[in-house]
1. For E146, are the conditions met, namely being out of contact with any Cys (no Cβ under 6 Å at 6 or more places or on another chain) and over 24 Å from R24 (Cβ atoms)?
2. Could you check, for region 12-24, whether at least one of its residues is open to solvent by less than 50 Å² (accessible area, probe 1.4 Å) and touching a His at 6+ places or on another chain (Cβ under 9 Å)?
3. Out of the residues in region 148-198 that are polar (S, T, N, Q) and assigned to a loop (DSSP other than H, G, I, E, B), state the one that is farthest from A128 (Cα to Cα).
4. Could you check region 40-141 for strands (runs of 3 or more DSSP E) lying wholly inside it with 1 or more residues that are modelled with pLDDT of 85 or more and open to solvent by 70 Å² or more (accessible area, probe 1.4 Å)?
5. In region 158-200, what count of residues is obtained for those that are open to solvent by less than 100 Å² (accessible area, probe 1.4 Å), free of Cβ contacts under 8 Å to residues at least 60 places away in the same chain and over 33 Å from the mean Cα position of the chain (by Cα)?
6. Looking at (1) touching a residue at least 24 places away in the same chain (Cβ under 8 Å); (2) more than 25 Å from A149 (Cβ to Cβ); (3) in contact with a Lys or Arg (Cβ under 9 Å, 6 or more places away or on another chain), which one does E98 not meet, given that it meets all the others?
7. For region 201-212, how many residues meet the condition of being modelled with pLDDT under 80 and open to solvent by 90 Å² or more (accessible area, probe 1.4 Å)?
Amino acid sequence: KYISPEKRQMKKTISASGEVKSIREADLAFNATGRLRMLSVSKGDVVTNGQFLAQLDSYSVSQTAQAYKDTRDIAMRNRDLFVEQYKDDKDAAGGEEEYNIQIRTHRENISKAEANYQANVANVGNAAIYAPFGGTVIDAEGETGEVIAIGTMVVKLADTDNLMFEVVLDQEDYGFVKQGQGVNIELDAYEREIFSGVVSKLPLYANGGSSP
């Protein structure tokens, strides 16, 4: 029996475990420590780029900055008083060398106080969080009045319109995929639904067991 050969496209199915991630996601936190004054979003909210999300009690932060400013001003006045007192009689200050040492000490104190003041002025601006891009709030944590430490995640934001499937690929399947290749993805959590995508990144080689 003669069978005519036909040109067909071969399809390869690969099963792999992994997770769904957003191409853009961020854990947003304050760059200062303070009491949470307002959290204007909750889990599931859709936000736009630049939208206000949360704010600390800026009064306490401003008071701290004012205290450092006062310390700087006092250091400057002490220097000026020292210069005024001994400018015509440096011997009374212990001599020329001792006078210059004291001047350097005053300048160092002013410089340190100025640095602390400027750092806390920046903290006043760090008392608010704005969305760095448009997306969906994956998580929002914090109660009004709660003390939030610097660096503590308050809002987790992700761009859910641009997703990435990161999988652990078996070594034996590594040769069947290449960067830029189109793929259809089926997930156990979404029966009868097919997601189309492109292989965006592969490791340089597969290791002895499996490779992500």
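1. Yes, satisfied.
2. No, region 12-24 contains no residue that is open to solvent by less than 50 Å² (accessible area, probe 1.4 Å) and touching a His at 6+ places or on another chain (Cβ under 9 Å).
3. Going through the qualifying residues, I end up with Q181.
4. Hits in region 40-141: 128-130.
5. The total comes to 4.
6. The single condition E98 does not satisfy is (1).
7. So the answer is 3.
This table checks each residue for (1) more than 15 Å from M153 (Cβ to Cβ); (2) hydroxyl-bearing (S, T, Y).
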{"residue": "M10", "(1), (2)": "yes, no"}
{"residue": "S17", "(1), (2)": "yes, yes"}
{"residue": "V20", "(1), (2)": "yes, no"}
{"residue": "I23", "(1), (2)": "yes, no"}
{"residue": "N31", "(1), (2)": "no, no"}
{"residue": "L39", "(1), (2)": "no, no"}
{"residue": "D45", "(1), (2)": "yes, no"}
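The values are calculated or read from the model by the stated rules, or taken from the named source; none is laboratory data. Keep in mind it's a predicted model, so treat the numbers as computed, not measured. Note: ideal-geometry Cβ built from the backbone for every residue, glycine included; neighbour counts use all protein chains shown. With ligands, DNA and RNA removed, areas are computed over all heavy atoms of the protein, side chains included. Shrake-Rupley method; radii C 1.70, N 1.55, O 1.52, S 1.80 Å.
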